[in-house]
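S.K.: One structure is given below, represented as structure tokens, and several questions about it will come after.
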Amino acid sequence: ANIIEIKNLVKSYENGNIKALNGIDLTIEEGEFVSIIGPSGSGKSTLLNMLGALDIADSGSINVAGYDLTVNKNLNKFRGEKIGFIFQLHNLIPNISVVENIEIPMYSQGKSSKEMRKKALELLDMVDLKDKANMKPNKLSGGERQRVAIARSLANDPSIILADEPTGSLDSKTSTKILEQIHKLHKEKNITLIIVTHDMTVAKLADRVIEVLDGKILNAEESTLLDNKI
Ligand code: ADP
Ligand code: ADP
């Protein structure tokens, strides 16, 4: 079954002067791993922001995990229950501990503090960081912080993980490890995984690579993937 259905999606900025998305059609199946590549400014982040209901489109239709995202209704609930976000710069809150960072997304879900702590520690254990639970994020290495971000993205058992350049700030060895971890979670939990990346070695891990240029998805003939132009 399709977990994502997008038809003719348009999103512009600056009163229509910048067409970030210029008629996107896309369907993604439940449990699929899709990577989105394309040059800087092509619309990748905008597309990901639409999928996570971080922004609203101008026109077209977008349906994700049963939610109509063109309607500005229940979007907090949608984000909280369905989506796990992983960003390039992890976005951890510096002045609270690692375990408290993982609890943040759970606040909206009505769990007791005891339940939240238990779940957060389980997630930290999963990314092998239970021993650093009480440290502040700035005591951790870049790779460790990104593992915390992965754990946090799973706090509410999302159906979909949206990752924007998740390894963009890491060295290649750490980045491989982080990707393996994300990939494993996607497999084990059947989470639909969508990764935006500039990096072809990352993109190739996916079941399907989507190439975006000038706010559009390129079709097979237009694609530059076969001759590795990107
Ligand atoms: P990518 O992620 O592929 O680098 P983006 O989706 O960030 O591309 O951007 C697509 C286009 O939309 C670019 O021209 C960018 O400058 C523009 N854009 C993105 N977000 C905004 C914004 N909040 N305000 C104005 N222009 C934006
Ligand atoms: P990426 O590293 O994925 O290419 P960008 O650097 O293009 O991402 O964008 C980072 C953030 O800045 C995004 O949230 C995007 O919406 C915003 N942004 C991008 N271009 C502009 C712009 N011209 N004006 C305002 N915000 C922008």
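The values are calculated or read from the model by the stated rules, or taken from the named source; none is laboratory data. Only a predicted model underlies this, so the values are computations on that prediction, with no experimental measurement involved. Note that each Cβ is placed from the backbone with ideal geometry, even for glycine, and that neighbours are counted across all protein chains shown. Side chains are part of the model used for accessible areas, which takes the heavy atoms of the whole protein and leaves out ligands, DNA and RNA. Shrake-Rupley method; radii C 1.70, N 1.55, O 1.52, S 1.80 Å.
S.K.: Which ones in segment 43-80 are on the phi < 0 side of the Ramachandran plot and assigned to a loop (DSSP other than H, G, I, E, B)?
M.R.: If the condition is that a residue be on the phi < 0 side of the Ramachandran plot and assigned to a loop (DSSP other than H, G, I, E, B), then Gly52, Leu54, Asp55, Ile56, Ala57, Asp58, Leu69, Thr70, Val71, Asn72, Lys73 are the ones that fit.
S.K.: Which of the residues belonging to segment 30-58 are among the charged types (D, E, K, R) and either without any contact (Cβ under 8 Å) to a residue 40 or more places away in the chain or more than 28 Å from Leu185 (Cα to Cα) (or both)?
M.R.: Taking segment 30-58 as the starting set, the residues that turn out to be among the charged types (D, E, K, R) are 30, 32, 44, 55, 58.
Residue satisfying the conditions is Asp58 alone.
S.K.: Please specify each residue of segment 96-138 satisfying the condition of being within 22 Å of Lys82 (Cβ to Cβ), surrounded by 13 or more Cβ atoms within 10 Å (Cβ to Cβ) and over 23 Å from the mean Cα position of the chain (by Cα).
M.R.: Lys111, Glu115
S.K.: For segment 2-21: of the residues being surrounded by fewer than 17 Cβ atoms within 10 Å (Cβ to Cβ) and outside any loop (DSSP other than H, G, I, E, B), which is farthest from ligand 2 (Cβ to nearest atom)?
M.R.: Of everything passing the filter in segment 2-21, Asn2 is farthest from ligand 2 (Cβ to nearest atom).
S.K.: For the structure I just gave you, tell me whether Ile86 is free of Cβ contacts under 8 Å to residues at least 60 places away in the same chain, within 16 Å of ligand 1 (Cβ to nearest atom), in contact with a strand residue (DSSP E or B) (Cβ under 8 Å, 6 or more places away or on another chain) and not basic (Lys, Arg).
M.R.: Considered against the rule, which asks whether it is free of Cβ contacts under 8 Å to residues at least 60 places away in the same chain, within 16 Å of ligand 1 (Cβ to nearest atom), in contact with a strand residue (DSSP E or B) (Cβ under 8 Å, 6 or more places away or on another chain) and not basic (Lys, Arg), Ile86 comes out as no.
S.K.: A further question follows. Checking Leu54 against (1) modelled with pLDDT under 95; (2) within 15 Å of the chain's Cα centre (by Cα); (3) away from ligand 2 (no atom under 16 Å from the Cβ), only one condition comes out false. Which one?
M.R.: Tallying (1) modelled with pLDDT under 95; (2) within 15 Å of the chain's Cα centre (by Cα); (3) away from ligand 2 (no atom under 16 Å from the Cβ), Leu54 fails exactly one: (3).
S.K.: Okay, next question. Can you tell me which residue among Asp157, Asp207, Asp214 is within 16 Å of ligand 2 (Cβ to nearest atom) and open to solvent by 80 Å² or more (accessible area, probe 1.4 Å)?
M.R.: After applying the criteria, what remains is Asp214.
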